[in-house]
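Reviewing the structure listed below.
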Amino acid sequence: MNRRSFIKQTAAASSLITIGGLGLSSFTTSMKKITVLHTNDVHSHIDPFGPDDGRNPNKGGVARRATLIENIRKDNPNTLLLDAGDIFQGTPYFNYYGGELEFKLMSLMKYDVATIGNHDFDNGLDGLYAQLPHAKFDFVSANYDFSNTVMDSHVKPYKIIIKDGIKIGIFGLGIQLKGLVDQSLYKETVYLDPVERAQDMSRILKENEKCDLIICLSHLGFKYDIIPDKVSDVKLAEQTKNIDLIIGGHTHTFMDKPTVVKNAVNENVLINQVGCYGINIGKIDFYFDSKKNKSAEGVAISV
Amino acid sequence: MLCTNVVKLIASLMSCLQNYLMKNFSLIIIICVLFATSCESHHLHKIEGKQITITDSLSTNQDIEKVIAPYRKRINESLDSVISYSKRTYSKTDGLFNTAIGNMMADAVFEEANPIFKSRTGHPIDMVLLNHGGIRAIISEGPITARTAYNVMPFENSVVVIEMKGHKVLELVDYLVTERRAHPIKNLQIILNTDGSLISATINNNPIDKTETYYVATNDYLYNGGDRMTFFKPNDSLYVLHYKIRNVLIDYFTKHDTIAPVIDNRFIEIEY
C-alpha cells in the first residue's frame, strides 16, 4: 500500500466512524469487568468440616470451592484467582504429603498467583521447594529475599496479568519470620521492610508498568490493636498509594465485608480477608470504562 | 495526548477528503480497532466486594473429588489403624494439680526422647515440663489410633531439651506454684502446703541445687515463651531433637498395647 492510498483510506475510515455514528465514544466507553476471587489461610483444609463440627459445620471443602469458582468463571471469564498464603499446615493432608495435594488442587482450580505465609515454611525451604513442581501458579513476594536459598528465582516480587486488555499488577508481602518461624526452616531468607517494598512495587507497577489495577497479596495480618507499631494491612494501606486492593491473611480475620481505608494521598484502598480454612471466598468486581477524564470522578465502592 | 493528536490529524484529513468513497471495509474495521485501543485509558469507576461462604448447597466438583480420594483413603487407613487401647476415658479436666492424661504425655516425652537425647549428648533428661493447654482433646476409652494423637496434639510442636542452672529451674517451680494448674511434669515433684505455699520441689527425689546443671525437656512453643513460660531463657544450651510431640505419642502408643495412666503425687497440695 502506498502512502497516498493509506491516507485516503484512513480518512475514509474516520469519515465512516463520524458519519456512520460509530463514534469514538462507542468504542471507548465499553465497560470491562475484572473479577478477583481470593482465599487465605486455607491451612490444608481440603475436606469440608463435618456436620458435628462445633464452629463451622458443613462449611468449606475444596471440591465445593471448585464448583463455585467454575460458576463465577462462567459468568465472567475475566476472573483472577489468588491466595494470600498459609496454604500449608493444619490437617493430616499436610503431615502426610507435605503440601503436594494442596498445590495440585490449587493448580486444578487454576489459581493464578499466591504469596507465602509463615506456615508455608513449616517443612523448611526445602519442603516448600520440593512441592513447587505441583504448583502451576506463580508465587510472589516483594519483601522476602530468597537469593541465598533454594527458592531463589522461584518467587518473583510481582506478576502482571492482562485480562480483557486490563493490565493487573500483583505483588506479595510476607510477615517477619524471626520469632515466628524457626530459623532452621527459613534459613537465609531475608525479610525486607514491607512498607518500603510496597512503596517501590506500587511505583513500579503504576509508573513503569502502567498497570490499570494494583493488588497486594499480603500475609502481614489485618491489624494489631495491642501492638500498634506492628506493620499490618491497615498500616500498609495508610502509608502507600496506588494500591487498589490488599488481600490479607495471617490473622484469620473474618470480616462481614471488605474494609475501606484511606491511603497516603487520601484515596480509598480496599482490604479484604476471608477468615481461614477455605470457609469463605472473597469476590471483588472491578468495573472499568474508558472515559478520558480520569481524575474527574472517584471510584464508587459498594461492599 | 496521543489521542488528541490523532483526532486532530484525522479531522484535517477529513476536511480534504470528505467525499471519498471507501472501498475496503476490512481495513476500516482494523483501523477503528487500532484507533480505539490506542486511545483507551481504562478508568476504574466502580468496585463491588463481597464474601461468599462455601456451604453444602454447592455441589461437589467430581474432578477435584477424584483427585482427593486416594490421598484421603491412605490417610484414613493409616490414621484409623488401631495402635493401642485406652482403659478409660482421660480428660485434662480430671485432676487438680496433675491429670492422668497429662502424666501420660510427660511420661511419653521422657520415655521416647530420653534415649535419643542420651545417645546424642551423653546426658539423661532430668525432667519434663509441658503445658496443660497443649492437651487438645480427650482420649476415649477403647481403641487408640494415630488420629487420637492428631486430636490430642494437632500442633507441630517438637521436643527441645534445655540445659539450665538450678536457679532457673527454681523459677520454673515458682511459675508452677503460682499457676496452680496441672501442667504435665515428669521426674519433678512439687508438694504444696494447705495454703498453696511450696513445701518441697525435687528432681528425681533430690532437692534442686541452684548451681547444678539440669537438662529439662519441653516443647519449642513453651521454650519460646508460650504460656508465659519465660524462665527457659537465658540458658546454657538448647538441644533441638526434631521430634514432634505428636510423633512421640504415636511411638508411645505403638509400644504400649494398653494405656492406663493415673493421677499420682507428682504435683499435689497437702490436705488436712
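The values are calculated or read from the model by the stated rules, or taken from the named source; none is laboratory data. Every value quoted in this text rests on a predicted model; they were computed, and no experiment measured them. Positions of Cβ are generated from backbone atoms using ideal geometry, with glycine treated the same way; all protein chains shown enter the neighbour counts.
If you check A:232, A:302, A:290, which single one turns out to be in contact (Cβ under 8 Å) with a residue 40 or more places away in the chain and polar (S, T, N, Q)? Before you say what the answer is, go through the steps one by one.
On the way: A:232 fails: in contact (Cβ under 8 Å) with a residue 40 or more places away in the chain; A:302 fails: in contact (Cβ under 8 Å) with a residue 40 or more places away in the chain.
Only one candidate qualifies: A:290.
Mind checking which residues of region B:129-171 are acidic (Asp, Glu) and under 26 Å from residue A:44 (Cα atoms)?
To start, the set of residues in region B:129-171 that are acidic (Asp, Glu) comprises B:141, B:156, B:163, B:171.
The one that is acidic (Asp, Glu) and under 26 Å from residue A:44 (Cα atoms): B:156.
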field: Residue in region B:47-74 that is farthest from the other protein chains (Cβ to nearest Cβ), counting only those that are in a helix (DSSP H, G or I) and over 21 Å from residue A:109 (Cβ atoms)
entry: B:73
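Results for (1) part of a helix (DSSP H, G or I); (2) farther than 27 Å from residue A:48 by Cβ; (3) in contact (Cβ under 8 Å) with a residue 40 or more places away in the chain, shown as yes or no for each residue.
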residue: A:116; (1), (2), (3): no, no, yes
residue: A:125; (1), (2), (3): yes, yes, yes
residue: A:139; (1), (2), (3): no, no, no
residue: A:153; (1), (2), (3): no, yes, no
residue: A:175; (1), (2), (3): no, yes, yes
residue: A:204; (1), (2), (3): yes, yes, yes
residue: A:214; (1), (2), (3): no, yes, yes
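Would you mind finding the one in B:148, B:99, B:121, B:93 that is under 20 Å from residue B:213 (Cα atoms) and of a type in the set (Val, Ile, Thr)? Before the answer, list the steps.
Working: B:148 fails: under 20 Å from residue B:213 (Cα atoms); B:99 fails: under 20 Å from residue B:213 (Cα atoms); B:93 fails: under 20 Å from residue B:213 (Cα atoms).
Answer to the selection: B:121.
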message: Anything in region A:261-287 that is within 12 Å of chain B (Cβ to nearest Cβ) and either over 25 Å from residue A:68 (Cβ atoms) or of a type in the set (Gly, Ala, Ser) (or both)? List them, or say none.
response: A:267, A:268, A:269, A:275, A:278, A:282
- line: Restricting region A:179-204 to residues that are within 14 Å of chain B (Cβ to nearest Cβ) and within 21 Å of residue A:248 (Cβ to Cβ), the one modelled with the lowest pLDDT turns out to be A:179
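Residue B:129: more than 14 Å from every other protein chain (Cβ to nearest Cβ), modelled with pLDDT of 95 or more and either crowded, with 18+ Cβ neighbours inside 10 Å or within 23 Å of the chain's Cα centre (by Cα) (or both), yes or no? Before you say what the answer is, go through the steps one by one.
Values: more than 14 Å from every other protein chain (Cβ to nearest Cβ): yes; modelled with pLDDT of 95 or more: yes; either crowded, with 18+ Cβ neighbours inside 10 Å or within 23 Å of the chain's Cα centre (by Cα) (or both): yes.
The answer is yes for residue B:129.
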task: Considering (1) outside any helix (DSSP H, G or I); (2) within 19 Å of residue A:92 (Cα to Cα); (3) of a type in the set (D, E, K, R), say which one residue B:181 fails and leave the rest.
output: (2)
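Every residue, every condition in (1) charged (D, E, K, R); (2) surrounded by fewer than 23 Cβ atoms within 10 Å (Cβ to Cβ), yes or no:
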site: A:50; (1), (2): no, yes
site: A:68; (1), (2): no, yes
site: A:71; (1), (2): no, yes
site: A:75; (1), (2): yes, yes
site: A:84; (1), (2): no, no
site: A:107; (1), (2): no, yes
site: A:135; (1), (2): no, yes
task: Could you please give the count of residues in region A:98-114 that are in a loop (DSSP other than H, G, I, E, B) and closer than 25 Å to residue A:205 by Cβ?
output: 3
- prompt: Could you list, in sequence order, the residues of region A:137-156 that are buried (at least 20 other Cβ atoms within 10 Å of the Cβ) and under 18 Å from the mean Cα position of the chain (by Cα)?
  reply: A:139, A:140, A:141, A:142, A:143, A:144, A:155
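I'd like to know if region B:107-128 contains one or more residues that are of a type in the set (Asp, Glu), out of contact with any strand residue (DSSP E or B) (no Cβ under 8 Å at 6 or more places or on another chain) and farther than 19 Å from residue B:219 by Cα.
So the first thing to find is which residues in region B:107-128 are of a type in the set (Asp, Glu), and the list is B:107, B:111-112, B:126.
Still in the running and out of contact with any strand residue (DSSP E or B) (no Cβ under 8 Å at 6 or more places or on another chain): B:111.
After this cut, where a residue has to be farther than 19 Å from residue B:219 by Cα as well, the list is none.
No - not one qualifying residue is present in region B:107-128.
For region A:239-283, which residues satisfy the criterion of being assigned to a loop (DSSP other than H, G, I, E, B), polar (S, T, N, Q) and under 22 Å from residue B:58 (Cβ atoms)?
Let us first name the residues in region A:239-283 that are assigned to a loop (DSSP other than H, G, I, E, B), namely A:239-244, A:248-253, A:255-258, A:263-267, A:273, A:275-279.
Checking the rest, the ones that are also polar (S, T, N, Q) come to A:239-240, A:242, A:251, A:253, A:263, A:266, A:273.
Residue satisfying the conditions is A:273 alone.
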- request: Mind counting the residues in region A:194-247 that are closer than 23 Å to residue A:160 by Cα, hydrophobic (A, V, I, L, M, F, W, C) and in contact with a Lys or Arg (Cβ under 7 Å, 6 or more places away or on another chain)?
  value: 2
query: Filtering region B:147-164 down to residues that are in a helix (DSSP H, G or I) and crowded, with 21+ Cβ neighbours inside 10 Å, which residue is nearest to the other protein chains (Cβ to nearest Cβ)?
result: B:149
message: Cβ-Cβ distance below 7 Å, separation of 6 or more or different chains: which pairs start in region A:52-74 with a residue that is free of Cβ contacts under 8 Å to residues at least 60 places away in the same chain and end on one that is outside any loop (DSSP other than H, G, I, E, B)?
response: A:63/B:64; A:63/B:65; A:63/B:68; A:66/B:64; A:73/A:79
- request: Mind telling me which of the residues B:190, B:199 ends up being within 20 Å of residue B:94 (Cα to Cα) and either modelled with pLDDT of 95 or more or among the polar types (S, T, N, Q) (or both)?
  value: B:190
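Determine, yes or no, whether residue B:200 is within 20 Å of residue B:181 (Cα to Cα) and of a type in the set (Gly, Ala, Ser). Walk me through how you get there before you give the answer.
On the way: within 20 Å of residue B:181 (Cα to Cα): yes; of a type in the set (Gly, Ala, Ser): yes.
So residue B:200 passes the test.
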query: Filter region A:158-176 for residues that are surrounded by fewer than 18 Cβ atoms within 10 Å (Cβ to Cβ) and more than 21 Å from residue A:203 (Cβ to Cβ); which is nearest to the other protein chains (Cβ to nearest Cβ)?
result: A:165
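Any residue at all in region A:121-132 that is at the interface with another protein chain (Cβ under 10 Å from one of its Cβ atoms), over 19 Å from the mean Cα position of the chain (by Cα) and buried (at least 17 other Cβ atoms within 10 Å of the Cβ)?
Yes, there is a match, as at least one residue in region A:121-132 is at the interface with another protein chain (Cβ under 10 Å from one of its Cβ atoms), over 19 Å from the mean Cα position of the chain (by Cα) and buried (at least 17 other Cβ atoms within 10 Å of the Cβ).
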